[in-house]
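As structure tokens, the structure follows; a few thoughts come after it.
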Amino acid sequence: MPPRRRCLAWFVAAVLVGAVASSGGAQVPRALWEDRLVKAPAVAPVISGDTLWVVGTDRKIQSHDARTGDRHWRRTLSAHVALPVSPGPDDLLLALGIPEPAIVRLDRSDGREIWSERMPRTPVGIARGESLVFVAAGDRVEAHRLEDGSPRWVRDLRVPLTGLAVAGSSLVVLGRHDSLWCLESAGGGNLWVEPVEGTHPSPPVRADTLILRLTYEGRLVRHDLETGILVDRTRVARLQIRPPAVAMGQIATAAVGGAVEIFDFPSLQRQWIDRRQDTIAAGASAWAGWWIVPTLTGRVFAITRDRGVTAWSLTFQEPLSLPPATTPDLLGLINDRGRIVVYTLEESM
């Protein structure tokens, strides 16, 4: 048996023993494949359809079959990747940082560069609209044509930005210590501006007719998308470095110190809190009816959405500081040394 497969066989056995013991015959994860693809990941992996993308700190991006691990292509980029890959039906959008900040569009099938546009600073947010690409970098928001990368409009908001979110024909932009803006996506004009408080390390999150923001100091706040008016807010555990996750009628936050909190959406009524001894840098992600929480101790927990009970757990030998890649039936976990394991679901006996 080849070394990779031998390692995988041991890993699968260990996972299934722990998972079946705690899940009582429910669905459990089964490892499809695992490999060390990079020395260290630069950003979180992404799965779209049956394709997985992984980007290393060596500035290389790789495309793999998500179910087999077979590599489609690999290419070296001109700068370090600053944000996770944004895949479209036929392309990939990349935000590059040092030494040459830029946004780049690649062909999804072979990694060929379609166009590249220089940016004044490293992007902190990138999102795609129907025919435009929106980028937040430094204190500016720019819109570029998706087809050829040519500039459409630029707004200088004069405060450091932390990210953005597309909301139909509008664009929501959050300042690191200041205002929350809603801009017209077609021309960049103000629809509304709302002053906000706190430090924002993560971008705003659109959830139906609401905008959610989470402060480093521990405030979960919701705003009306149409007017920007603050609707409600609640305290959460400190310190928060990842955006809130919204799924299954719930909002999940995960503090660095280990507290995972679940709130009803949209009411912000707390349903439960789980306090762990593990350090969490990856936040919480929804997958297959559970909340998935990777930790810097190398453990990964699947927590039930109703009671906050651990359904199953996995153990890696290295820390996991990045969110997983997910589709409805695939889960890709990568540790800080670049080893990724891709799981699917199967019924336990």
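Structure notes:
- So Asp58, is it among the charged types (D, E, K, R) and either in contact (Cβ under 8 Å) with a residue 12 or more places away in the chain or under 17 Å from Ala44 (Cα atoms) (or both): yes
- You will find that of Thr122, Thr76, the residue that is touching a residue at least 40 places away in the same chain (Cβ under 8 Å) and hydroxyl-bearing (Ser, Thr, Tyr) is Thr122 and no other.
- Restricting attention to region 74-95, the residues that are open to solvent by 30 Å² or more (accessible area, probe 1.4 Å), assigned to a loop (DSSP other than H, G, I, E, B) and not hydrophobic (A, V, I, L, M, F, W, C) total 5.
- Taking every residue in region 132-146 that is over 16 Å from Ala165 (Cβ atoms) and open to solvent by 10 Å² or more (accessible area, probe 1.4 Å) and pairing it with any residue that is of a type in the set (A, V, I, L, M, F, W, C) and not in a strand (DSSP E or B), at least 6 positions away or on another chain, the pairs with Cβ-Cβ distances below 6 Å are Asp139/Leu157; Asp139/Val159.
- Taking the criterion of being touching a Leu at 6+ places or on another chain (Cβ under 8 Å) and either among the aromatic types (Phe, Trp, Tyr) or within 22 Å of Ala325 (Cβ to Cβ) (or both), the residues of region 262-292 that qualify are Phe263, Asp278, Thr279, Ile280, Ala281, Ala282, Trp287, Ala288, Ile292.
- Whichever residue in region 182-199 is in a strand (DSSP E or B) and charged (D, E, K, R) and, among such residues, is most open to solvent (accessible area, probe 1.4 Å): Glu184
- Tally of residues being assigned to a strand (DSSP E or B) and acidic (Asp, Glu) across region 96-131: 3
- Taken over region 61-72, the residue count meeting the criterion of being open to solvent by 60 Å² or more (accessible area, probe 1.4 Å) and either without any contact (Cβ under 8 Å) to a residue 40 or more places away in the chain or of a type in the set (A, V, I, L, M, F, W, C) (or both) is 3.
- Test: residue in region 104-120 that is within 27 Å of Arg242 (Cβ to Cβ) and modelled with pLDDT under 95: yes
- So Pro151, is it within 24 Å of Trp115 (Cβ to Cβ) and modelled with pLDDT of 95 or more: yes
- Any hit, region 226-239, residues being crowded, with 17+ Cβ neighbours inside 10 Å and at pLDDT below 95: no
- Within the option set Arg118, Arg108, Arg128, being open to solvent by less than 50 Å² (accessible area, probe 1.4 Å) and among the charged types (D, E, K, R) holds for one residue only, Arg108.
- Test: residue in region 263-273 that is under 16 Å from Leu239 (Cα atoms), touching a residue at least 12 places away in the same chain (Cβ under 8 Å) and of a type in the set (S, T, N, Q): no
- Spans of strands (runs of 3 or more DSSP E) in region 262-349 with at least 2 residues open to solvent by 10 Å² or more (accessible area, probe 1.4 Å): 270-275, 285-287, 299-304, 310-315, 339-347
- Some residue of region 40-57 being within 23 Å of the chain's Cα centre (by Cα), hydrophobic (A, V, I, L, M, F, W, C), at pLDDT 95 or above and surrounded by fewer than 17 Cβ atoms within 10 Å (Cβ to Cβ): yes
- Selection from region 240-253 of residues that are open to solvent by less than 10 Å² (accessible area, probe 1.4 Å) and not in a loop (DSSP other than H, G, I, E, B): Gln250, Ile251, Ala252, Thr253
- Unique match (being touching a His at 6+ places or on another chain (Cβ under 6 Å) and free of Cβ contacts under 8 Å to residues at least 60 places away in the same chain) among Arg176, Arg128: Arg176
The values are calculated or read from the model by the stated rules, or taken from the named source; none is laboratory data. Here the structure is a predicted model, which means the values were calculated and not measured. Virtual Cβ from ideal backbone geometry, glycine too; neighbours counted across all protein chains shown. The protein model used for the area step is the full one, side chains on, heavy atoms only, and it has no ligands, DNA or RNA in it. Shrake-Rupley method; radii C 1.70, N 1.55, O 1.52, S 1.80 Å.
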